[in-house]
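The values are calculated or read from the model by the stated rules, or taken from the named source; none is laboratory data. Just so it is clear, the model here is predicted, and its values are computed rather than measured. With ideal geometry, Cβ positions are generated from the backbone for all residues, glycine too; neighbour counts draw on all protein chains shown.
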Amino acid sequence: MASVTLSKINKVFGSDHIINDVDLHIGDGEFVVFVGPSGCGKSTLLRLIAGLESISDGDLSMDDIVVNDLPPRERGVGMVFQSYALYPHMTVYDNMAFGLKLAKTAKETVHERVMSTAKILQLEELLHRKPKALSGGQRQRVAMGRAMAREPRILLFDEPLSNLDASLRVQMRNEIARLHHRLGSTMIYVTHDQVEAMTLADKIVVLNGGYVEQVGSPHELYQRPATKFVAGFMGSPTMNFMPAELLAGNTSGCRVRATGIGELDLPQDAQQRQSGEALTLGIRPEHLCLAAPTDSNCFDIVNVEYLGNEVYVYLEPKQGDTLLIHRSEAPSQWKEGQQVSLAADWEKVHLFDDSGTALKLAEQQAAA
């Protein structure tokens, strides 16, 4: 296997700066997911690692060897694309063997690698079939097998599940996770689906406009997002945001006034902030609680969505137009048209300044 290190990587297309000063280390055997909205640069970054695009500036190293000028075939990477791109006239066996044959690998070695890969991916009974006789999930496994049979040091996945229906996506997510556990290989996976990122990754890299917003475990990104962008992107439904004003702050916490809720004591350190500063308060839908309305804390329920095992309650404040979401287990007592007040576990609330940067926890809260 191999480690990958990106040092101040940039990619420029004409006047467009697509990737900006990306620094990142991917350890040997890690499963790393690049996630972000369309156009954020995640697929471009993957193609730079594969050698399918040239690096404008910076160094890309594999096992501490700079590979900027190495062609794709010499980097020891295998890539699985969004499109299966299987040869329709070839059997599963021949599709998986094609790359090895092009590399003039010995016939015995070709057969050994194809058979061992087919066993790992549970394709042994399908080797004689052609792609048209396979399901979508089976075709994607063949595409993975074609990359794996070359025994690459690094496996790259570019949105491989995008063309599958919902049930197949779940099945293939599990297949890829099990594959990583069996092989222990270094895998880099691109997706715009934050659920895939959360369920597959050892480490998630959140990209926004060609910049790295945050790198961390799924737990770190969900519990302690470094920016408002990460907070809003990770999690479904998205984090609730509402305007707030800083009233006072010190090293032990701060007091804020939030629109529609009133004054709150929160655990963030705001000693370097000015009273009256505009902030954004963020809270996950599952951390909101509903109660009887009060004069200073009153919201209208404008919609209730029943999803079987859980319910989403949509709330609108009496003043302002910020729509909030409360998530709870089904069944729910709440109905459209009711008025409620909001409470929460305020220790789990996030605060962001006007640049979108999260305020850090006060010292004693961080230590706890």
Looking at (1) small (Gly, Ala, Ser); (2) surrounded by fewer than 19 Cβ atoms within 10 Å (Cβ to Cβ); (3) at pLDDT 95 or above; (4) over 12 Å from the mean Cα position of the chain (by Cα), which one does Ser217 not meet, given that it meets all the others? (4)
Subset of the range 114-131 (residues that are part of a helix (DSSP H, G or I) and under 32 Å from the mean Cα position of the chain (by Cα)): Val114, Ser116, Thr117, Ala118, Lys119, Ile120, Pro131
Being at pLDDT below 95, in the same structural domain as Pro160 (by TED's automatic domain parsing) and under 21 Å from Glu159 (Cα atoms) narrows it down to one residue among Leu134, Leu45, Leu100, Leu126; which is it? Leu134
Looking at (1) among the hydrophobic types (A, V, I, L, M, F, W, C); (2) within 30 Å of Ile9 (Cα to Cα); (3) in contact with a helix residue (DSSP H, G or I) (Cβ under 8 Å, 6 or more places away or on another chain), which is the only condition Met172 fails? (2)
I need the strands (runs of 3 or more DSSP E) fully contained in the range 216-329, keeping only those with at least 1 residues that are among the polar types (S, T, N, Q) and under 30 Å from Gln194 (Cα atoms). 240-250, 278-283, 299-306, 324-329
Of everything in the range 86-113 that's assigned to a loop (DSSP other than H, G, I, E, B) and of a type in the set (A, V, I, L, M, F, W, C), which residue is surrounded by the most Cβ atoms within 10 Å (Cβ to Cβ)? Leu86
Which pairs have Cβ atoms under 9 Å, sit 6 or more apart or on different chains, and link a residue in the range 1-30 that is surrounded by fewer than 18 Cβ atoms within 10 Å (Cβ to Cβ) to one that is basic (Lys, Arg) and at pLDDT 95 or above? His17/Lys11; Asn20/Lys11; Asp21/Lys8; Asp23/Lys8; Gly27/Lys203
Quick check on this structure: which one of Glu196, Glu213 is touching a residue at least 12 places away in the same chain (Cβ under 8 Å), assigned to a strand (DSSP E or B) and on the phi < 0 side of the Ramachandran plot? Glu213
The conditions are (1) surrounded by fewer than 19 Cβ atoms within 10 Å (Cβ to Cβ); (2) touching a residue at least 60 places away in the same chain (Cβ under 8 Å); (3) over 19 Å from the mean Cα position of the chain (by Cα), and Gly136 fails exactly one of them. Which is it? (2)
Being over 23 Å from Leu221 (Cα atoms), in contact (Cβ under 8 Å) with a residue 40 or more places away in the chain, touching an Asp or Glu at 6+ places or on another chain (Cβ under 7 Å) and surrounded by 14 or more Cβ atoms within 10 Å (Cβ to Cβ), is that true of even one residue in the range 287-299? yes
Filtered residues of the range 176-196 (kept if farther than 17 Å from Ser43 by Cα and out of contact with any Gly (no Cβ under 8 Å at 6 or more places or on another chain)): Ile176, Ala177, Arg178, Leu179, His180, His181, Arg182, Leu183, Val195
Which pairs do you get when a residue that is not assigned by TED's automatic domain parsing to the domain that holds Leu281 and modelled with pLDDT of 90 or more, found in the range 317-330, comes within reach of a residue that is surrounded by 13 or more Cβ atoms within 10 Å (Cβ to Cβ) and among the basic types (Lys, Arg), reach meaning Cβ atoms under 6 angstrom, with the pair 6+ apart or on two chains? none
